[in-house]
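The values are calculated or read from the model by the stated rules, or taken from the named source; none is laboratory data. This one's a predicted model, so the numbers in the text were calculated from it and none came from an experiment. So basically every Cβ, Gly included, is an ideal-geometry build from the backbone, and we count neighbours across all protein chains shown. Surface accessibility is based on the protein's heavy atoms, side chains included, excluding ligands, DNA and RNA. Shrake-Rupley method; radii C 1.70, N 1.55, O 1.52, S 1.80 Å.
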Amino acid sequence: MSSSSAAVEPEQPSVLETHRFSLRQRILLWFVSWASYLAISLIGPTLRYSISFEERPSPPDASFEKPVIYSFWHRAVFASTWLWRESGIAVMVSRSFDGEYIARIIEKLGFIAVRGSSSRGGAGALLGLKSQLEQGSSVAFTIDGPRGPKYVAKPGPVLLSRASAVPMAAFYVALSDAWVLHTWDALMIPKPFSKALARIGAKMLVPAEADEAQMAEYHAKLQAALERATRFAEENVGRVGSAEFPVIKN
């Protein structure tokens with residue numbers, strides 16, 4: 001995806017895009033999506049969450065702001081999904097087989113899946129996300145997905161912020177105790193009753209007239225913001241439950 005993508009007039013995206021799958025794939029999709037949904041629904045209520053902001057949110061008691069373009073690392077998707085369930089956040093998901101079951105899982109939890117990625121359907125998906133922002137919703141990118149490299153931000157949020165005049169922000173959810181899978185993203189599955197600290201970075205608005213050099217600068221700022229949020233959350237998750245990081249109603 002290049003920085004010129006936001007100016008392209010691609011085909012209208014289909015938020016409810018469907019695919020044809022083999023019988024084996026349909027069985028796998030059903031099993032994986034329901035097993036994952038049940039795991040999130042069983043473990044999620046036991047987690048002790050706290051939310052920390054780099055800058056004061058509006059309104060002050062908000063768990064997230066809208067409309068905002070959020071970015072987070074793929075490995076934090078489990079804890080993030082439960083924390084912001086039923087929030088109506090639109091999420092870009094890959095058009096791949098893996099993306100299909102992720103879409104089915106998050107839709108069961110009240111998110112809106114918009115198909116596309118940095119490699120397939122990116123321009124159309126950006127239009128779909130822009131439409132959601134225009135309706136007042138927030139959107140989110142698993143920013144190093146769908147296949148990595150881990151901890152390397154892609155430019156989608158920067159393009160979308162310039163095109164939509166909506167600010168972007170980074171966040172990360174750290175866990176005090178988790179199973180870490182041997183996957184490209186080192187996916188974290190929280191152990192029951194773990195502490196979880198969400199750190200949300202300050203908002204950044206990309207000017208509509210931003211040129212190539214400025215776009216690269218904002219891309220670097222987004223990468224730095226993700227790293228900063230990750231470091232803060234990992235360093236402080238053990239303090240969840242203290243006066244500084246009170247547990248929120250989950």
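Of the candidates Leu175, Leu181, the single residue that is crowded, with 22+ Cβ neighbours inside 10 Å and modelled with pLDDT of 95 or more is Leu175. Any idea which of (1) in contact (Cβ under 8 Å) with a residue 24 or more places away in the chain; (2) over 22 Å from Leu187 (Cβ atoms) is the one Asp61 doesn't satisfy? The number of the failed condition is (1). Residue selection: Ser242 satisfies the criterion of being without any contact (Cβ under 8 Å) to a residue 40 or more places away in the chain, more than 27 Å from Ser96 (Cα to Cα), open to solvent by less than 50 Å² (accessible area, probe 1.4 Å) and not β-branched (Val, Ile, Thr).
The residues in region 1-60 that are assigned to a loop (DSSP other than H, G, I, E, B), open to solvent by less than 40 Å² (accessible area, probe 1.4 Å) and modelled with pLDDT of 95 or more can be counted, and the count is 1.
Summed over region 133-170, the residues that are charged (D, E, K, R) and in contact with a strand residue (DSSP E or B) (Cβ under 6 Å, 6 or more places away or on another chain) give a count of 0. Each residue in region 75-85 was checked for being open to solvent by less than 20 Å² (accessible area, probe 1.4 Å) and outside any helix (DSSP H, G or I), and 1 pass. Condition check: part of a loop (DSSP other than H, G, I, E, B), within 22 Å of Gln223 (Cβ to Cβ) and open to solvent by 10 Å² or more (accessible area, probe 1.4 Å). Does Glu65 satisfy that? The answer is yes for Glu65. Within region 127-138, residues that are closer than 14 Å to Val91 by Cβ and touching a residue at least 40 places away in the same chain (Cβ under 8 Å) sit with their Cβ atoms under 6 Å from residues that are in a helix (DSSP H, G or I) and small (Gly, Ala, Ser), at 6+ positions apart or across chains, in these pairs: Leu133/Ser164. The set of residues in region 185-232 that are closer than 11 Å to Ala169 by Cα, open to solvent by 70 Å² or more (accessible area, probe 1.4 Å) and outside any loop (DSSP other than H, G, I, E, B) contains only Lys221. The set of residues in region 233-250 that are over 23 Å from Arg85 (Cβ atoms), not in a helix (DSSP H, G or I) and not hydroxyl-bearing (Ser, Thr, Tyr) comprises Ala243, Glu244.
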